[in-house]
1. Taking N as the number of residues in the range 115-170, what is its Cα Rg relative to 2.2 N^0.38 Å?
2. Of the chain, which part is the longest with no trypsin sites (Lys or Arg not before Pro) in a loop (DSSP not H, G, I, E, B) and with at most 12 other C-beta atoms within 10 angstrom?
3. Excluding residue 95 itself, what net charge comes from residues whose Cβ is under 13 Å from its Cβ, given Lys and Arg +1 and Asp and Glu -1?
4. How far apart, in nm, are the 7 Å Cα→Cβ label points at residue 27 and residue 65?
5. For the chain, set up a Gaussian network in which alpha carbons nearer than 10 Å are linked by springs, and say which option among 68, 226, 276 fluctuates the most.
6. Which value, to two decimals, describes the C-alpha radius of gyration of the chain once divided by 2.2 N^0.38 Å?
7. Show which lysines lie in cross-link reach of residue 205 when reach means a straight Cα distance below 29 angstrom and same-chain residues fewer than eight apart are skipped.
8. Could you please state, rounded to a whole Å, how far the C-alpha centre of the range 1-30 is from the C-alpha centre of the range 195-233?
Amino acid sequence: MPANVVVIGSLNMDLVTRAPRLPRGGETLIGHSFATVSGGKGANQAVAAARLGAQVSMVGCVGNDDYGVQLREALLVEQIDCQAVSVVEDSSGVALIVVDDNSQNAIVIVAGANGSMTPAVIDQFDAVLQVADVIICQLEIPDATVGHALKRGRELGKTVILNPAPASRPLPADWFASIDYLIPNESEAAALSGLPVDSLESAEKAAAQLISMGAGNVIVTLGAQGALFANGSGYQHFLAPKVKAVDTTAAGDTFVGGFAAALAAGKTEVEAIRFGQIAAALSVTRAGAQPSIPTSSDVQAFKPA
Ligand code: RIB
């Protein structure tokens with residue numbers, strides 16, 4: 001069956017330490033636990049879209065190491081098509097993650113094989129993009145490749161989603177016209193718009209700025225404050241479902257994957273946002289990246305507190 005969601009992006013092995021708090025510079029802390037968990041924003045979004053109802057293909061690169069085998073296997077068990085996940089002569093991408101007792105995290109990523117995602121890889125797997133309804137990109141692969149993929153998605157008439165994560169700088173101006181849904185969190189919205197984002201009002205201003213730059217629709221995810229949806233016609237604020245957070249890693253990825261799966265299934269934007277929000281809320285109640293991502297049945301069974 002052809003994929004209706006294609007995710008173009010990173011696969012990382014997450015090396016996760018839980019500690020009482022995040023360490024300061026020069027400090028050694030005694031941690032509570034350590035685990036290796038499959039992650040990477042691209043792979044997490046692929047797993048989320050698959051568990052939440054979509055047929056998914058992944059376009060990415062892993063290294064020729066044990067992590068690469070495990071990262072690919074983690075997608076295959078979710079029935080994700082991996083014909084476009086290439087094995088390259090490099091180490092797989094890794095993410096060093098510390099999660100504190102308040103469920104906050106700090107992450108350092110090392111791209112490794114994700115750096116081999118050149119624009120030529122997008123051309124090589126053009127047939128995979130052609131059968132998609134929705135194409136999702138993030139920023140853990142080279143910018144030139146993201147820009148190329150966005151433009152190809154637009155040329156093919158697909159629904160194009162960019163989750164600009166991680167972002168610490170404005171996006172190339174010529175990307176915006178190819179983006180149907182730009183989904184930043186607060187700090188990413190600030191980096192992209194050049195405006196501070198620390199409240200709903202300031203998120204509205206940043207979203208308006210990003211729309212004036214050319215993005216079709218903007219969804220600013222605001223953590224426990226919910227999400228702000230904006231387009232040329234106005235704004236809508238969606239409250240977040242209330243849950244007890246254990247680990248926020250991959251909450252944004254779960255929202256993006258769930259939103260995309262719902263859109264691909266023909267849901268409206270409003271329905272897709274609410275679906276993605278419940279999925280993301282459930283993900284923060286569980287530890288880890290991919291292990292925390294719920295299924296469609298979990299979302300259907302969710303009862304607000
Ligand atoms: O969004 C969470 C992800 O960010 C982690 O899985 C880690 O790999 C980093 O890419």
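Just so you know, all these numbers are worked out from the coordinates, no wet-lab data involved. Because the structure is predicted, anything quoted here is derived from the model rather than measured. Cβ placement follows ideal geometry from the backbone for every residue including glycine, while neighbour counts extend to all protein chains displayed.
1. My calculation over the Cα atoms of the range 115-170 gives 1.08.
2. Formally, the longest exposed-site-free interval is 25-241.
3. -2
4. Going from the residue 27 label point to the residue 65 one covers 2.9 nm.
5. Most flexible of the set in this elastic network: 226.
6. After normalising by residue count via 2.2 N^0.38 Å, the value is 0.92.
7. Here the lysines satisfying the reach criterion relative to residue 205 are 41, 151, 158, 242, 267.
8. Using only Cα atoms, the two centres lie 25 Å from each other.
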